[in-house]
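A.B. asks: Have a look at the structure that comes next, please.
A short reminder: the numbers here are calculations on the coordinates, not readings from a lab. The shown structure was predicted, so the numbers you read here are calculated from the model rather than taken from an experiment. Positions of Cβ are backbone-derived with ideal geometry, glycine not excepted, and every protein chain shown enters the neighbour counts.
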DNA sequence: TCGTGTGCCTAACGATCGTTCGTTAGGAGG
DNA sequence: CCTCCTAACGAACGATCGTTAGGCACACGA
C-alpha cells in the first residue's frame, strides 16, 4: 500500500484491513491507532466517530462497485447490445476487479456494513439491493429470450451473487492466480450455472 | 424451537441466534441473558465463560456436519459406489439439511468460529478443512474418471464450497421454498458447475 | 419439619470501550 | 519575534465489558 494522500484516508485504509480480519466490533479505535503508530484519541483529530470511519469505507466501496458496474453495462451494450450473457460477463469481470483491487474495502462492503446504525444500514442495504438487481435484471432478460434457463431463477441469482461476494473471502493477492485469470474462471462458472440446460 | 432439555443448552440456543444476527464480539453476555429473561451474571451458574459458549456451539455444529457427511458418503457408496456425482449429490443434500435444521448453529460454524482463541480456532480450522476435503476429494475423483471437468478444479471447489456455506447466510425458514426443494436446486447447480463442459 | 441444594438475584470488581479535553511540539508566514 | 496551524500527546470521563462473590427463595428427600 502506497503512502496515502491524507491522514484521514490512511486511517480508513488500515481500518479496512482490521475490520476485514477481526470484524468491526472486535476492532477498537486504539487498535486502528496502533497500526498507525499513534495514540487512540489522536484519531479524533481526523475522524468524528468510529462508525463514521466504517461508513466512509462502505460508501467508497459502494461507489467503486457502482461505477464499475456502470462501465461494464455500457461496455456490454456497446459491443453486443441486448445480449444478457455479455452483460453478465462484463458485470462479473467488473465485480472481480473491484474486489481484487482492494480486498479489505470490498470485504467491509460485503460483510461489515451490518455494524452500522439503523439509518445508515438501511441506506447501504438499498444500494446493495440496487447493485445486485443489475445482475438479477440481466438474468431475467436471459431467461426471457432463452439464453438462460434454470429451474429456479431466484435461487440461481442468489447463488451467483453469493459466489461473487465470496471472492472477497478467499481471494489472496499473493495467490497462485492473477485477478484476471480468476475473473475468467468466474465468468465461465457463472455462465455455466445460468445457461439453459441441455 | 422447543423447550430444550437443559438450561445450558437453552443458553447455547439463544446465543447461536444472537451470534448469527450480530456476531460474537457485538453480543454481550447480558444480551444473551436478557433473551432468557435472566440477569447477566446468572449465566455463570451454567457456563464458565463466553468463549466457552461459542466453543460448545461450534463443536456441536461441527459434529452435526461430520455425522451428516459420514452418512451421506455411506449412502452414496451403498447405492452407486465409485460414482463421484452421486457422492457429491449426497454430500450437498446432507450439508443443506444440517444448515436448514439449525441456521443459527450452522452460521456460527461457518463464520463466527474466527472469534475463538488461537488454540481453539486452530482446532476448528482443522475440522473445517477436513470436512471441505471430502468435497474436494470427490471432485478430484470425478475429474480423474472424466465425470467432471473444468478449467480450474481448485477454483471450482472453492466456488462450490462458498455456495454451500452461503446457504447459511440467506436461508429463511419462513421462506418460499422448503429445505428439500432448496437441496434439489443446489444439487442441480453444483453438478452443473462441476460436470465436464460440452 | 428440617436441612440441603439448585437457580437466580444484586453488588461489585478491574479492564477496556468510545470519546472529550487541555496542552505541547514543530513548522510556515508576516 | 510573534502568530497561527497542524498533528499529536496524555489524562480522564462515563459506559459497558466479562466475570466473581455472596445471599435469598423455593423445591425436595429425610
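A.B. asks: Under the Kirkwood approximation applied to all pairs of distinct alpha-carbon atoms, what is the hydrodynamic radius of segment A:109-191 in Å? Each step should come with its number before you reach the end.
C.D. replies: Numbers: mean 1/r = 0.0680 Å⁻¹.
Across segment A:109-191, the inverse of the average 1/r is 14.7 Å.
A.B. asks: Count, for each residue of A:16-28, the Cβ atoms from other chains sitting within 10 Å of its Cβ, then give me the mean as a whole number.
C.D. replies: On the way: counts 0, 0, 0, 0, 0, 1, 3, 8, 3, 7, 6, 1, 0.
Neighbouring Cβ atoms belonging to other protein chains average 2 per residue here.
A.B. asks: Rounding to the nearest 10 and keeping the result within 0 to 90°, find how far the Cα-based axis of helix A:153-170 lies from the longest principal axis of chain A.
C.D. replies: 40 degrees
A.B. asks: Let me ask you something else. Which of the peptides B:126-136, A:80-90 is most tightly packed, and how do the rest follow, judged by the mean count of other Cβ atoms within 10 Å per residue?
C.D. replies: Values: B:126-136: 15.6, A:80-90: 18.7.
Output ranking for B:126-136, A:80-90: A:80-90, B:126-136.
A.B. asks: Using helices alone, I'd like the mean residue ellipticity at 222 nm for chain A: each DSSP H run of four-plus residues gives -39500 (n - 2.57), total over residue count, nearest 500.
C.D. replies: Details: 8 runs with 140 residues, N = 198.
Per the formula, -24000 deg cm²/dmol.
A.B. asks: Also, I was wondering about something else. Could you work out how far helix A:50-79 tilts from the main Cα principal axis of chain A, as a 0 to 90 degree angle to the nearest 10?
C.D. replies: 30 degrees
A.B. asks: Give me B:121, B:93 ranked fewest to most by other Cβ atoms within 10 Å of their Cβ, as a rough exposure proxy. Walk me through the intermediate numbers first.
C.D. replies: Numbers: B:121 15, B:93 19.
With the sparsest Cβ surroundings first, the list reads B:121, B:93.
A.B. asks: Now, a different point. Angle check, please: helix B:7-22 long axis (alpha carbons) against the longest principal axis of chain B (alpha carbons), in degrees 0 to 90, nearest 10.
C.D. replies: Tilt relative to chain B: about 70 degrees.
A.B. asks: Then there's this: Would you compute the Debye intensity of the protein assembly as shown from its alpha-carbon atoms alone, equal scatterers and no solvent, and pass along log10 I(q)/I(0) at q = 0.07, 0.10, 0.12 Å⁻¹ to two decimals?
C.D. replies: Each listed q corresponds, in turn, to -0.35, -0.73, -1.05.
A.B. asks: A follow-up question, please. Distance from the Cα centre of segment A:107-121 to that of segment B:3-71, in angstrom?
C.D. replies: 24 Å
A.B. asks: Once the label point is set 7 Å along the Cα-to-beta-carbon vector, what list of distances in nm do you get between residue B:114 and its counterparts in the other copies?
C.D. replies: 1.2
A.B. asks: Related question: One-quarter of the Cα convex hull surface for segment B:110-150, in nm²? Please list the in-between numbers first.
C.D. replies: Details: hull surface 13.9 nm².
Mean projected area of the Cα convex hull: 3.5 nm².
A.B. asks: Based on the Cβ-Cβ distance of residue A:122 and residue A:172, what FRET efficiency does E = 1/(1 + (r/R0)^6) give at R0 = 41 Å, to the nearest 0.05? Don't skip to the answer; put the middle values down first.
C.D. replies: Numbers: r = 33 Å, r/R0 = 0.80.
The value I calculate is 0.80.
A.B. asks: If you don't mind, another one. Return the chain B residue and its Cβ-to-axis distance, rounded to the nearest Å, for the rotation relating B to A.
C.D. replies: With distances in whole Å, chain B gives B:25, 2.
A.B. asks: Still on this model: Mean-square fluctuation check for chain B, GNM, Cα pairs under 10 Å: which of B:141, B:31, B:152 is largest?
C.D. replies: The residue with the greatest mean-square fluctuation here is B:152.
A.B. asks: What does the structure give for A:106-115 when I average, per residue, the other chain Cβ atoms found within 10 Å of the residue Cβ? If you can, show how the numbers build up before the last one.
C.D. replies: Details: counts 0, 0, 0, 0, 0, 3, 1, 0, 4, 4.
That works out to 1 on average.
A.B. asks: Answer rounded, prolate or oblate for segment A:4-56, using the Cα gyration tensor with square roots of eigenvalues a ≥ b ≥ c: rounded when a/c is under 1.5, else prolate when a/b is larger than b/c, else oblate. Don't skip to the answer; put the middle values down first.
C.D. replies: Numbers: a/c = 1.34, a/b = 1.25, b/c = 1.07.
Because its axes are fairly even, with a/c under 1.5, segment A:4-56 counts as rounded.
A.B. asks: Considering only the label points, 7 Å along Cα→Cβ from Cα, what distances in nm to one decimal separate residue A:9 from the same position in each other copy, shortest first?
C.D. replies: So the label point of residue A:9 gives 5.7 nm to the other copies.
A.B. asks: In peptide B:154-160, what is the residue-averaged number of other protein chain Cβ atoms found within 10 Å of each Cβ?
C.D. replies: Numbers: counts 4, 11, 4, 0, 7, 12, 2.
Partner-chain Cβ atoms within 10 Å, mean over residues of B:154-160: 6.
A.B. asks: Could you pull out which residues in segment B:155-192 have an amide N less than 20 Å from a spot 7 Å beyond the Cα of residue B:129, following the Cα-Cβ vector?
C.D. replies: B:155-162, B:165
A.B. asks: Given bins 10 angstrom wide, list per bin the percent of all Cα-Cα distances in segment B:43-198, short to long.
C.D. replies: Once binned at 10 Å, the Cα pair distances of segment B:43-198 give 11, 37, 33, 15, 3, 1, 0.
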